[in-house]
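One structure is given here, and the rest of the page talks about it.
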Amino acid sequence: MKKIVLITGSCGLVGASCSEFFSKKGFKIIGIDNNTRERLFGKLGSINKIKYYLKEKISDYTHFDLDICDEKNIEDLFKEYKFDLIIHAAAQPSHDWAKKYPLFDFKINAYGTLILLENFRKYNSQAVFIFLSTNKVYGDKVNYLPFVELEKRFDLLPSHPYYKGVDEKMGVDNTLHSLFGASKLSADILVQEYGKYYGLKTACFRCGCISGKFHCGVELHGFLSYLVRCFILNKKYVIYGYKGKQVRDNLHAYDLAKAFYLFYLNPKYGEIYNLGGGRFSNVSVLEAISICEKICGKKIEIEYKDENRIGDHIWWITDNSKFKKDFPDWELTYNVEKIIEEIYLFQKNNF
């Protein structure tokens, strides 16, 4: 009998990539996505084309147009299927949007997670529950590290303990998270608690920028995808603060799906992992623009704004050591250049 995986946010970047990945591993895919992204970000954020793509390309993909906060319908779904794995990737993902609508943000990110956890506990307690958390649970503590300003980026000196990346020991208290970060931290703690208190197999993967071909990037969310879209559409790109020298590591969704699969094969109870592109795959905004110019063969208008987004990181590079120690077979396969090229080719031909 086929294993069954429930994927929330199945038509978003991570959800679609996991749908594709786990279908190739022989899983039946049950996808939940009600296209809240279009409500949040407009037509540019709509996932409808991804939904049609998944239905066409994956024969064993079943889609449910459900809200994860709909208690009755979520419970009915858990009663209908015996899940082996649950990947919870549905979220309100934007700092800026959460600032305007904190109740809606918290309902999706925290309360929606609790509904899934409780049904997992009641009906599928032998399954594995993986939560897509965020590095924003650490707030802006990283901004107080002693950065040096280089030509196109901020960075740490190689002698600094965090030069190779931020690990899980960075605290979450007395820091500015953004309201998005606060709601995700609430969900993160719940996932840990259900693992440790109830003895369930759960994990929180605290990621920064995740990228890949399925990302429907918009200005408020999806750094590399939105930048590439601006090049494709000849649209002005706006840089908010830090002179465009802010640095992000970028993790390809395929490499993340591999990590999820390895955890599924050897799960733990209430575990947390920082996961990202690390020193292998990171880029500043200015560097990303230069790469896009090379790949797309043109330039676009760039506007600079002095004020940065509240709680935005000056720099983030992930230390993947903890996950690598527990799962030594995991390797990163996509660097920034390869990610941007894939996004450009896919979106140029499909959007």
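Structure summary
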| read-out | value |
| --- | --- |
| Matching residues, the stretch 95-125, being closer than 28 Å to Asn308 by Cβ, among the small types (Gly, Ala, Ser) and surrounded by fewer than 23 Cβ atoms within 10 Å (Cβ to Cβ) | Ala110 |
| Check on Tyr261, modelled with pLDDT of 95 or more and in a strand (DSSP E or B) | no |
| Out of Glu56, Glu38, sole residue that is out of contact with any helix residue (DSSP H, G or I) (no Cβ under 7 Å at 6 or more places or on another chain) and outside any loop (DSSP other than H, G, I, E, B) | Glu56 |
| Residue in the stretch 78-95 that is outside any helix (DSSP H, G or I), within 20 Å of Cys18 (Cα to Cα), touching a strand residue (DSSP E or B) at 6+ places or on another chain (Cβ under 7 Å) and of a type in the set (S, T, N, Q) present | no |
| Among the candidates Gly208, Gly244, residue that is at positive phi and out of contact with any Cys (no Cβ under 9 Å at 6 or more places or on another chain) | Gly244 |
| Selected residue [buried (at least 23 other Cβ atoms within 10 Å of the Cβ), modelled with pLDDT of 95 or more and either of a type in the set (S, T, N, Q) or within 17 Å of the chain's Cα centre (by Cα) (or both)] from Ser159, Ser133 | Ser133 |
| Residue within the stretch 198-221 that is within 17 Å of Trp97 (Cβ to Cβ), in contact with a strand residue (DSSP E or B) (Cβ under 8 Å, 6 or more places away or on another chain) and not in a strand (DSSP E or B) present | yes |
| The stretch 296-323 - residue that is part of a helix (DSSP H, G or I) and not hydrophobic (A, V, I, L, M, F, W, C) and, of those, surrounded by the fewest Cβ atoms within 10 Å (Cβ to Cβ) | Ser321 |
| Unique match (being under 16 Å from Ala253 (Cα atoms), within 17 Å of the chain's Cα centre (by Cα) and touching a residue at least 60 places away in the same chain (Cβ under 8 Å)) among Asn320, Asn335, Asn282 | Asn320 |
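Here is a yes/no grid of residues against (1) touching a helix residue (DSSP H, G or I) at 6+ places or on another chain (Cβ under 7 Å); (2) in contact (Cβ under 8 Å) with a residue 60 or more places away in the chain; (3) part of a helix (DSSP H, G or I); (4) not charged (D, E, K, R):
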| site | (1), (2), (3), (4) |
| --- | --- |
| Leu6 | no, yes, no, yes |
| Ser17 | yes, yes, yes, yes |
| Asn34 | no, no, no, yes |
| Asp67 | no, no, no, no |
| Ile74 | yes, no, yes, yes |
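The values are calculated or read from the model by the stated rules, or taken from the named source; none is laboratory data. Just so you know, these numbers come straight off a predicted model, no measurement behind them. Reconstructed Cβ throughout: ideal geometry from the backbone, glycine too, with neighbour counts over all protein chains shown.
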